[in-house]
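Quick notes on the structure that follows.
The values are calculated or read from the model by the stated rules, or taken from the named source; none is laboratory data. Remember, predicted model here, so these are calculated numbers, not experimental data. As a convention, Cβ positions derive from the backbone with ideal geometry for all residues, glycine included, and neighbour counts pool all protein chains shown. We work out accessible area using only protein heavy atoms, side chains counted, and drop any ligands, DNA or RNA first. Shrake-Rupley method; radii C 1.70, N 1.55, O 1.52, S 1.80 Å.
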Amino acid sequence: MKKSFLGSLIGISIILSIDSLSRVIISLYNNQDILMFSYSEYTGFWPVLLVAISAFSSFFGAMFALTYGRTKQILTLVLFIIFTGLYRYGQILLLKDTEGLLLPVFSLVLTLITVFLAWRLVRPKKPKTEAFPEENGEVITQNSQKHHHHPTGSGDQHSQPQ
């Protein structure tokens, strides 16, 4: 449980780091004040880029959290979703009076989608046992296939009469 909790917190710090660094770079590029939660106060295509960066950072935060807390991945996933949801919902609450909620809500939705994509990539694969029906009614699984030994002959068996 300790690794799950720690991995989730480090994953959230990855999200905060990437989001903050991108906002600092955009603010320096535009000679504006650093707006740590706002989306629409930036001009041009920057708000859409910030939403994309929030999805990107959430994916990498989730990948780290799920690989670090590999022993209890479901607990790590639940903790990470709770922490990420609180962070993105906190952004929505801070911005509800100052700007439209389309971009923060879209960021929250993309965050949840990328967390589940990371979950799909990291979770352990279960071995598949495919069944192949045999001619005589027996079922052969992939793990326990029967070996058929064909008699070797002089090759006259397959020759056709002329």
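So the values come out like this:
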{"item": "The range 1-29, residues that are under 26 Å from residue 76 (Cα atoms), in contact with a helix residue (DSSP H, G or I) (Cβ under 8 Å, 6 or more places away or on another chain) and of a type outside the set (Gly, Ala, Ser)", "result": "1, 3, 5, 6, 9, 10, 12, 14, 15, 16, 18, 19"}
{"item": "Contacts under 6 angstrom Cβ, first residue in the range 110-126 being free of Cβ contacts under 8 Å to residues at least 60 places away in the same chain and hydroxyl-bearing (Ser, Thr, Tyr), partner in a helix (DSSP H, G or I) and open to solvent by 40 Å² or more (accessible area, probe 1.4 Å), 6 or more apart", "result": "114/59"}
{"item": "Members of the range 63-117 that are open to solvent by 60 Å² or more (accessible area, probe 1.4 Å) and aromatic (Phe, Trp, Tyr)", "result": "64, 68, 89, 106, 116"}
{"item": "Residue within the range 123-146 that is surrounded by 14 or more Cβ atoms within 10 Å (Cβ to Cβ) and at pLDDT 75 or above present", "result": "no"}
{"item": "All positions within the range 1-37 that are within 24 Å of residue 49 (Cα to Cα), of a type in the set (Phe, Trp, Tyr) and in contact (Cβ under 8 Å) with a residue 40 or more places away in the chain", "result": "37"}
